[in-house]
Amino acid sequence: MQIKIDSDALMTDLANLAKIGRGADGGITRRALSAEDRDARDYVIARMRWVGLQVRHDEVGNVRARRADDWGNTNPSVMTGSHLDSVPSGGRLDGPLGVVGAVAALDALGRAKVACKRPLEVVIFVGEEGSRFPRGTIGSAAISGFRSVAEIYALIDPEGVSFASALKTYADRGQPMEARVETGSIYAFVELHVEQGGVLEAARVPIGVVTAIAGLVQRQVTFIGVANHAGATPMAIRKDALTRAAEWVLAIEQAAHKIGSGVVATVGQFEVFPGGKNIIPGRVEAICDLRAPTKELLDAVDKEVMATLAASKRDIAVDERLLQRVEPGPMHERAMTAIERTSSSAGLKSQRMLSGAIHDALHIAEIAPSSMIFVPSIGGKSHCPDEDTAPEHLVQGCEVLARTLADLANS
Ligand code: HGY
Ligand code: MN
Ligand code: MN
């Protein structure tokens, strides 16, 4: 099969998307359902139509695109896609590669006149990053039924705006499709994504085949002390919320080191109130992010983290709530072996690996045989402005995606 990815179009699409929501530091900030997210989505919809896809949307704002006659093809589909929303000051490839890479793949298959028995579908999943609403992977959770549409509509952002009202900014026209897709309707799902770690670069292997995706627990913790004068308050009578919170952050790091086996723990969001340099902090709000490759390890690190909240000699009240928990999920041989088969037919080495990052594939795997194609991240960096991947790896990832989609659509 002679597949030729239009690499100029791919690079142009990635460069154009990187201009939407770019900050002074070069990082991308596109919060779910924001004007930036909408503009990026509208750009991709135009590109989908340009390569001959018919575009629809579903009731939570996912974009669903197929060739016109494929909407009438009732065979189980072969689905691909990713997200366009980002973390604050994130990279230009995390998400967009899997979206415009899928458009490039379907374009290449169309130009090569590759007939597919099963319909091919590209999805732009809404709200993957969870940087606006309390949870992430929103669009894929709706498609798999992991979360109901009503639960998603009721999500509230820090400004008190509901998902349902924010969705109106997307200005979707026409009747939306139902978001939920039943098990059996998708033959296979494959997501193209940057690795966001350093495994492939170190191994000098261009293609990663994801075998499982780590699970996640995020908890919001508020430490309640007493704000007071930084100069006039003796140390012995202070109720300093920040020193208590700092103790907890270090304990979380200790817990991850102690358990090991791929467990990681982070506090990435940490706010001190009232925030004056001469005021003893009265309140700290923090969010911890725990990841583990198995349910047992996720339980173990979560238990340790909760235990450190209880065990302190400081007389500081603590208020804690679970933001989200997503179980680790295995990928499927059907999709993994297809990626390996097509990588070798493209003359590319591949290796199986775990994903420490969460992806929409984790929820789609609940209803369809799924896996992911990873391409190397330079310096293993992601979720930061200098996230990058060599152009040849970007194109190779798209070529393997195109081949894999055709392989699965005709196997
Ligand atoms: O947090 C994650 O793993 C993903 O980038 N949303
Ligand atoms: Mn991400
Ligand atoms: Mn991502």
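The values are calculated or read from the model by the stated rules, or taken from the named source; none is laboratory data. It should be emphasised that the depicted structure is a prediction, and the values quoted were computed from it without experimental measurement. Backbone-built Cβ (ideal geometry, glycine too); neighbour counts: all protein chains shown. In case anyone asks, the SASA skips ligands and DNA or RNA and just uses the protein heavy atoms, side chains included. Shrake-Rupley method; radii C 1.70, N 1.55, O 1.52, S 1.80 Å.
The listed residues are HIS393, HIS383, and the only one of them that is within 16 Å of ligand 2 (Cβ to nearest atom), open to solvent by 20 Å² or more (accessible area, probe 1.4 Å) and not polar (S, T, N, Q) turns out to be HIS383. Which residues, taken from region 251-282, are in a loop (DSSP other than H, G, I, E, B) and either open to solvent by less than 30 Å² (accessible area, probe 1.4 Å) or more than 23 Å from ALA300 (Cβ to Cβ) (or both)? Matches in region 251-282: GLY260, VAL263, PRO274, GLY275, GLY276, LYS277, ASN278, PRO281, GLY282. Could we say that VAL123 is open to solvent by less than 40 Å² (accessible area, probe 1.4 Å), out of contact with any helix residue (DSSP H, G or I) (no Cβ under 7 Å at 6 or more places or on another chain) and within 14 Å of ligand 3 (Cβ to nearest atom) here? So VAL123 fits the description; yes. Here GLU159 meets the list (1) open to solvent by less than 50 Å² (accessible area, probe 1.4 Å); (2) away from ligand 2 (no atom under 16 Å from the Cβ) almost entirely, failing just condition (1).
Looking at VAL209, is it assigned by TED's automatic domain parsing to the domain that holds SER343 and either under 24 Å from GLY90 (Cα atoms) or of a type in the set (Val, Ile, Thr) (or both)? It is true that VAL209 is assigned by TED's automatic domain parsing to the domain that holds SER343 and either under 24 Å from GLY90 (Cα atoms) or of a type in the set (Val, Ile, Thr) (or both).
For region 173-187, the condition holds for no residue, the condition being that it is touching a helix residue (DSSP H, G or I) at 6+ places or on another chain (Cβ under 8 Å), open to solvent by 30 Å² or more (accessible area, probe 1.4 Å) and β-branched (Val, Ile, Thr).
For region 192-250, the tally of residues that are more than 30 Å from ARG352 (Cα to Cα) and either of a type in the set (Ser, Thr, Tyr) or open to solvent by 10 Å² or more (accessible area, probe 1.4 Å) (or both) stands at 26.
Of all residues in region 340-369, which are open to solvent by less than 20 Å² (accessible area, probe 1.4 Å) and either closer than 14 Å to ALA214 by Cβ or within 16 Å of ligand 3 (Cβ to nearest atom) (or both)? Within region 340-369, MET353, SER355, HIS359, ASP360, ALA361, LEU362, HIS363, ILE364 meet the criteria.
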